[in-house]
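Asker: I'd like to ask you about the structure that follows.
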Amino acid sequence: MRELVVEDGSQRQHRQRLKGLLDKTKGTVRIASAYVTDRDLLICIKNRKIRLLTSLLPMDIASGTTSLETLGALIESGVECRFLPERPRLHAKVYIFGGVYAVVTSANLTRSAFDSNIEVGVEVGGRDVQNLTEWFDKFWGKAHPLTVSQLANLGQQTAALRRDYVKLKKKTSAKLPLPNESLPSDVFLDELRDLLEHANQFFVCNTDRRQRARTPTGGYVREEEMYNRGYATAWESYKFPSHMEQVQPGDAIFMFAKGVGIIGIGRATATCETLKPDDPDGIGNFADPENFADPEWRVPVQWLAWRDEADAYHWKAPNFTFWNVSDGSYAELREGVRQHFLGD
C-alpha cells in the first residue's frame with residue numbers, strides 16, 4: 001500500500017495524516033527530522049514511547065530552523081530525543097508508527113512544513129515499514145541522547161551566532177532573503193502586506209514576559225507557546241477585556257514584548273474563546289501548571305511574521321494586556337509597523 005500526501009494549496013494534508021496515524025496505531029513512534037519547531041503533533045501524547053532523531057547544527061539553531069525551546073518542551077513531555085553528529089548530516093524526514101505505517105516526506109517536524117510549505121510525501125505499509133524501522137534503529141543506536149541541560153548550553157553557545165545571523169539577515173533581506181523554516185515573515189510576505197494594508201481592525205496583545213516560567217534557553221514559555229500554538233492570549237483580569245471580544249476573523253494582531261516592542265504580526269482566524277483554569281489545553285496551564293489559576297482568553301491566529309528582539313519594531317506601549325489600536329490616534333504605530341516589517 002502506498003498513498004501520496006500532497007500539499008497543493010488547498011486543505012493541509014500532512015498534519016492531518018500524521019495525527020490520524022498516531023490515533024489509529026499503537027507501539028513506538030519513530031521520527032527522523034533534520035529540523036524541529038512544531039510541538040503540537042507530539043506534546044499531548046501520553047503512555048507511548050516516542051523517539052525523535054534530529055540534527056543540531058549551530059547554524060540551524062542560530063537561524064531558527066530548529067527551536068531549542070520546542071525540543072525542550074518535547075523532552076519534558078516524555079519524548080526521547082537524540083541527535084546525530086554533524087557529518088554525515090541527517091536530512092531525512094521519516095515518520096514511523098508502531099511498525100504498521102510510515103510516511104516518507106519532504107516535510108520536517110516544523111510549523112512551516114505542516115502549515116504553509118509546499119510538501120510531498122508518501123504513506124507506506126508492509127515490508128517498507130520494516131525496512132524503514134531497521135534503518136531508523138541503526139542510526140538511533142549511533143546517536144547521542146539529548147537533555148534539557150544540553151539545550152541550555154547550546155543556547156548559550158549559539159547566542160552570538162544568532163545575533164550575527166539576525167544582523168546579516170536584516171542587511172540582506174531586501175536583496176536575498178535567507179531560508180528560515182521557523183520565521184514565517186519571508187514565506188508570507190504578500191499575505192503580510194495585504195493584512196497590514198487592508199485589515200478592518202488592529203489589536204495589540206502583550207506577550208506576558210513578566211510572568212513566571214522560562215524556557216531552557218532563557219526564553220519566555222508563554223510567549224513561545226503563543227507563537228508555536230497559534231494564539232494571542234490573556235490570563236489575569238485585565239483592562240478592556242471587551243477589546244478581545246471585538247476581534248473578528250481577518251483582523252490584524254500585533255504581539256508586544258514588554259521592554260522590546262512589536263515582535264510578531266498575525267491574522268486572526270476566529271473570534272475569542274475562553275478556557276477554564278484547569279483546561280488541559282490551556283497555554284497558561286502548560287507553562288506553569290503548579291501556580292496557574294486564571295481563566296484563559298485567546299484568539300486563534302495565523303502568524304505571518306515573528307522577529308528576534310534585535311529586529312523588533314521598538315515601541316513603548318501603555319500598560320494594557322490586549323487593546324484595539326484601530327482608530328486614528330494609533331495611525332503612527334500602524335504605519336511604523338508596516339514600514340518596519342515590510343521594509344518600505
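Asker: State whether the residues of region 226-233 include one that is assigned by TED's automatic domain parsing to the domain that holds residue 269, in contact with a Leu (Cβ under 8 Å, 6 or more places away or on another chain), at pLDDT 80 or above and not in a loop (DSSP other than H, G, I, E, B).
Answerer: Taking every residue of region 226-233 in turn, none turns out to be assigned by TED's automatic domain parsing to the domain that holds residue 269, in contact with a Leu (Cβ under 8 Å, 6 or more places away or on another chain), at pLDDT 80 or above and not in a loop (DSSP other than H, G, I, E, B).
Asker: Ok, one more. Within region 315-333, which residues are surrounded by 12 or more Cβ atoms within 10 Å (Cβ to Cβ) and closer than 18 Å to residue 260 by Cβ?
Answerer: Passing the criteria: 315, 317, 320, 321, 322, 323, 325, 333.
Asker: Next question. Contact list please: Cβ distance under 6 Å, first residue in region 43-59 and touching a residue at least 12 places away in the same chain (Cβ under 8 Å) and among the charged types (D, E, K, R), second residue surrounded by fewer than 18 Cβ atoms within 10 Å (Cβ to Cβ) and outside any loop (DSSP other than H, G, I, E, B), pairs at least six apart or on different chains.
Answerer: From residues that are touching a residue at least 12 places away in the same chain (Cβ under 8 Å) and among the charged types (D, E, K, R), the pairs are 51/80.
Asker: Of all residues in region 1-44, which are among the hydrophobic types (A, V, I, L, M, F, W, C), touching a Phe, Trp or Tyr at 6+ places or on another chain (Cβ under 8 Å) and outside any loop (DSSP other than H, G, I, E, B)?
Answerer: 18, 21, 22, 29, 31, 32
Asker: Between a first residue in region 139-151 that is in the same structural domain as residue 72 (by TED's automatic domain parsing) and assigned to a helix (DSSP H, G or I) and a second residue that is small (Gly, Ala, Ser) and surrounded by 13 or more Cβ atoms within 10 Å (Cβ to Cβ), which pairs have beta carbons less than 7 Å apart while being 6 or more apart in sequence or on different chains?
Answerer: 148/72; 151/72
Asker: Assess whether residue 9 counts as being at pLDDT below 90 and either surrounded by fewer than 21 Cβ atoms within 10 Å (Cβ to Cβ) or of a type in the set (Phe, Trp, Tyr) (or both).
Answerer: So residue 9 fits the description; yes.
Asker: Also, quick follow-up: Looking at region 24-41, which of its residues are of a type in the set (Asp, Glu) and either surrounded by 17 or more Cβ atoms within 10 Å (Cβ to Cβ) or over 25 Å from residue 226 (Cα atoms) (or both)?
Answerer: Passing the criteria: only 38.
Asker: Further question on the same structure: Across region 45-70, what is the total count of residues that are assigned to a loop (DSSP other than H, G, I, E, B), touching an Asp or Glu at 6+ places or on another chain (Cβ under 8 Å) and within 23 Å of residue 133 (Cα to Cα)?
Answerer: The qualifying residues number 1.
Asker: Which of (1) closer than 13 Å to residue 265 by Cβ; (2) in contact with a strand residue (DSSP E or B) (Cβ under 9 Å, 6 or more places away or on another chain) does residue 338 not meet, given it meets every other one?
Answerer: It fails just one condition, (2).
Asker: Looking at region 245-274, I want the residues that are part of a loop (DSSP other than H, G, I, E, B) and have a partner that is of a type in the set (Ser, Thr, Tyr) with Cβ atoms under 8 Å, at least 6 apart or on another chain. Which pairs are those?
Answerer: Note: pairs meeting the criteria are 247/271; 248/271; 249/269; 249/271; 258/207.
Asker: Among the numbered criteria (1) modelled with pLDDT under 80; (2) surrounded by 21 or more Cβ atoms within 10 Å (Cβ to Cβ); (3) of a type outside the set (Val, Ile, Thr), which single criterion is violated by residue 213?
Answerer: (2) is the only condition that residue 213 fails.
Asker: Mind listing whichever residues of region 30-59 are modelled with pLDDT of 90 or more and out of contact with any helix residue (DSSP H, G or I) (no Cβ under 7 Å at 6 or more places or on another chain)?
Answerer: 31, 33, 34, 48, 49, 50, 54, 55
Asker: Just one of (1) closer than 19 Å to residue 60 by Cα; (2) not in a helix (DSSP H, G or I) trips up residue 112, so point out which.
Answerer: Every condition holds for residue 112 apart from (2).
Asker: Given the conditions (1) closer than 30 Å to residue 316 by Cα; (2) modelled with pLDDT of 90 or more; (3) not assigned by TED's automatic domain parsing to the domain that holds residue 231, which single one is not true for residue 196?
Answerer: (3)
Asker: Next up: Which of the residues belonging to region 31-84 are out of contact with any Ser or Thr (no Cβ under 9 Å at 6 or more places or on another chain) and not acidic (Asp, Glu)?
Answerer: Residues satisfying the conditions are 41, 47, 74, 77, 78, 79.
The values are calculated or read from the model by the stated rules, or taken from the named source; none is laboratory data. On a predicted model such as this, the values are computed, not experimentally measured, just so you know. We place every Cβ from the backbone using ideal geometry, glycine too, and count neighbours over all the protein chains shown.
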